[in-house]
Each structure stands twice: as structure tokens, then as C-alpha cells.
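See below for the structure under consideration.
The values are calculated or read from the model by the stated rules, or taken from the named source; none is laboratory data. Please read all numbers here as calculations on a predicted model, not as lab measurements. Note that we place each Cβ from the backbone using ideal geometry, even for glycine, and neighbour counts take in every protein chain shown. What goes into the accessible areas is simple: the full protein's heavy atoms, side chains included, and nothing from ligands, DNA or RNA. Shrake-Rupley method; radii C 1.70, N 1.55, O 1.52, S 1.80 Å.
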Amino acid sequence: MRHRTLASVPALWASIPCPLSELRLDLVLASGQSFRWREQSPAHWSGVLVDQVWTLTQTEEQLYCTVYRGEKGWVGRPTPEELKAVHQYFQLDVSLAQLYHHWSSVDSHFQEVAQKFQGVRLLQQDPIECLFSFICSSNNNIARITGMVERLCQAFGPRLIQLDDITYHGFPSLEVLAGE
């Protein structure tokens, strides 16, 4: 199986209304909050979310998503329940426009830099993955942390799917990490 692009298989993608001012994948997914996303083709980011592999891309007003369900799953566009996981991960029910307006009104420095960082938001990550990523972050850079987290997933996480020459793994459970 290969990584999908929106142009190559549009029937397997679903969209969520989301302007760039509310989410910029290029800024958020490469920011050092999460270490499991890669830009596999221009403006198409692939990574693991809730033990499923996703590819995301966006236009000025829409966030497009496709999910790979592995050998055991069916092929089709993401279900509403699967899209809910993406919505929660990016906390899309939180209005950045309102937050930016408020923060700009009380912080002149934020007002100056806010235009350069529109669409930057906090991710609602799995707490265990977030904790272990934080532990790996001590005295490291993003590239090194990314490699450490990826090796942890390869060694202990469940194999999810292979796309092109990349094998994706879920984040290991606490029981597996504890050796139980």
C-alpha cells in the first residue's frame, strides 16, 4: 500500500471545515509537540493517531483526512467517529481567533508576533505518549527526540501498517513498557 494524496484518491478523503487561521499543519505538526508526524509528500502529513495511521492535508478552508486501517480493516473514507478523533486531537472546538484576539488585547508582544503564527494550536495528545516524549526531550533536539520516540514504538508498539517503505507502529501501552 502507498501513502495517499488528495489528488490521487479523492474518494477516500473526508473534510472538516477548518480555515488556515485556525490550524496550520505545517506549523503545528513540526513544532515539537508531537514527534510522530512526517511530511510524506508536499503538504501531506502522515502519522499515528489513536492507533491508526492518517494522512492529513489542507486547503484555505478545509482540513482533509484519510485513514489507513491496515490489513484487518476495510478501505473507505474516514467515518464520523474516526473524524471525531482528529477533531479532538487538534481541539478544533476551541476558537483560535477568539483566543488570539484576547491575548493580543492583554499582551502587546503577542499582538506583534501573532500574525506570523496564525493557526498554531496545542495538541490534545495521548498522555502516556506525551509523557514519554517529554522524558526523551531532555537535552535533545526535535530530530533526535523524533528518532527516540520512533525507535521506542518500533521496539515495543503494535505494528499498524506499511505504506511505501515505512512501517507504522502504535505507541506501546504502559503494560508493555513495564514488561508485564
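Taking Cα centre as origin and charging only the Cβ of basic (Lys, Arg, +1) and acidic (Asp, Glu, -1) residues, the dipole magnitude of region 90-144 rounds to 180 debye.
Taking every protein chain into account, the accessible area of region 1-90 amounts to 47 square angstrom per residue (probe 1.4 Å). The mean sequence separation of alpha-carbon pairs under 8 Å and at least six residues apart, normalised by the residue count of region 44-180, gives a relative contact order of 22 percent. Shape of region 19-70 from its Cα gyration tensor (a ≥ b ≥ c, root eigenvalues): rounded if a/c is under 1.5, otherwise prolate when a/b > b/c, or oblate? Taking the square roots of the gyration eigenvalues as a ≥ b ≥ c, region 19-70 is oblate. Mind checking which of Ser21, Tyr64, Phe117 is farthest towards the positive end of the chain's charge dipole, using Cβ charges of +1 (Lys, Arg) and -1 (Asp, Glu) about the Cα centre? Selected residue: Tyr64.
Classification of region 1-47 by its C-alpha gyration tensor yields an oblate form. The axis ratio a/c (a ≥ b ≥ c) is 1.5 or more, and b/c is at least a/b.
Element breakdown for the chain at a 1.4 angstrom probe: carbon and sulfur atoms account for 56% of the accessible area. Defining a contact as two alpha carbons under 8 Å apart and six or more residues distant in sequence, what relative contact order in percent does region 80-155 show? Once normalised by length, the contact order is 27 percent. Could you give me D for region 14-119, from Stokes-Einstein at 25 °C and 0.890 mPa s, where the hydrodynamic radius is the Kirkwood radius over C-alpha pairs? Units µm² s⁻¹, please. It comes out at roughly 164 µm²/s.
Converting the Cα gyration tensor eigenvalues of the chain into ellipsoid dimensions via √(5λ) gives semi-axes, longest first, of 28, 22, 14 Å. The largest accessible area among Arg159, Arg2, Arg69 belongs to the first residue in Arg2, Arg159, Arg69, and the rest follow in falling order (1.4 Å probe, all chains).
Largest accessible area first, the residues Glu39, Glu60 order themselves as Glu60, Glu39 under a 1.4 Å probe with ligands, DNA and RNA left out. A probe of 1.4 angstrom, applied to the heavy atoms of all protein chains, finds Arg38 with accessible area near 80 square angstrom.
Ranking Met1, Pro42, Gly76 by Cα position along the charge dipole of the chain, where only Lys, Arg, Asp and Glu carry charges on their C-beta atoms, puts Met1 farthest toward the positive end. Among Tyr64, Tyr89, the order of accessible area from largest down is Tyr64, Tyr89, computed with a 1.4 Å probe on protein heavy atoms. Across region 47-60, computed HN-Hα scalar couplings (Karplus, 6.51 cos²θ - 1.76 cosθ + 1.60, θ = phi - 60°) run x, 9, 9, 6, 6, 10, 8, 10, 10, 10, 8, 8, 10, 4 Hz from first to last residue, x flagging Gly and Pro.
The mean sequence distance of close C-alpha pairs (under 8 Å, at least 6 residues apart), as a share of the length of region 24-106, puts its relative contact order at 15 percent. Accessible area of Trp37 (1.4 Å probe, protein heavy atoms only, ligands and nucleic acids ignored): about 20 Å². Only helices enter the 222 nm calculation for the chain: every DSSP H run of n ≥ 4 contributes -39,500 (n - 2.57), and dividing by all residues gives -9000 deg cm²/dmol, rounded to 500. Dipole magnitude for region 86-180: computed about the Cα centre from +1 point charges on Lys and Arg Cβ and -1 point charges on Asp and Glu Cβ, it is near 200 debye.
For region 60-100, the alpha carbon positions stretch 43, 20, 13 Å along the principal axes, listed from largest to smallest.
In a fully extended conformation the segment linking Gln125 and Val94 would gain 9.6 nm over its present Cα-Cα distance, using 0.36 nm per residue. A simple packing score, the average count of other Cβ atoms within 10 Å per residue, orders the peptides 23-36, 110-123 as 23-36, 110-123, with the highest score first.
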